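Nothing in this text is a laboratory measurement; each read-out follows from the coordinates by a stated rule. This one's a predicted model, so the numbers in the text were calculated from it and none came from an experiment. Note that each Cβ is placed from the backbone with ideal geometry, even for glycine, and that neighbours are counted across all protein chains shown.
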Amino acid sequence: MNNKSNLEREIQEMPEFVRIALQQRSLMVAYDARPAYQQNDYIGWINRAKLDATKQKRLNQMLDELERGGVYMKMEHSPSRKN
């Protein structure tokens with residue numbers, strides 16, 4: 001996992017349901033390859049949802065983006081693009 005000690009935002013701990021989802025879809029390596037700020041932002045964004053349905057929707061978006069590569073929060077992210 002990337003070093004998060006230099007992040008300005010509060011560091012977000014990964015909930016178990018996110019860890020399980022990453023493992024089930026074999027995306028932990030893709031997650032770990034993302035910069036620390038992206039990892040932290042994804043987790044914070046998922047955790048801030050008030051409804052479980054919204055948390056699940058956000059989790060699914062993160063998983064889909066990691067699987068697809070080349071995208072972060074619906075924006076182009078060239079360093080993660082897959083061939």
Query - Residue that is surrounded by the fewest Cβ atoms within 10 Å (Cβ to Cβ), among those in the stretch 52-83 that are in contact with a helix residue (DSSP H, G or I) (Cβ under 9 Å, 6 or more places away or on another chain) and of a type in the set (A, V, I, L, M) - result: 73
Requested in this report: Please go through the stretch 37-51 and pick out each residue that is within 10 Å of the chain's Cα centre (by Cα) and either exposed (fewer than 14 other Cβ atoms within 10 Å of the Cβ) or within 14 Å of residue 14 (Cβ to Cβ) (or both).
Outcome: 38, 39, 40, 41, 42, 43, 44, 45, 46
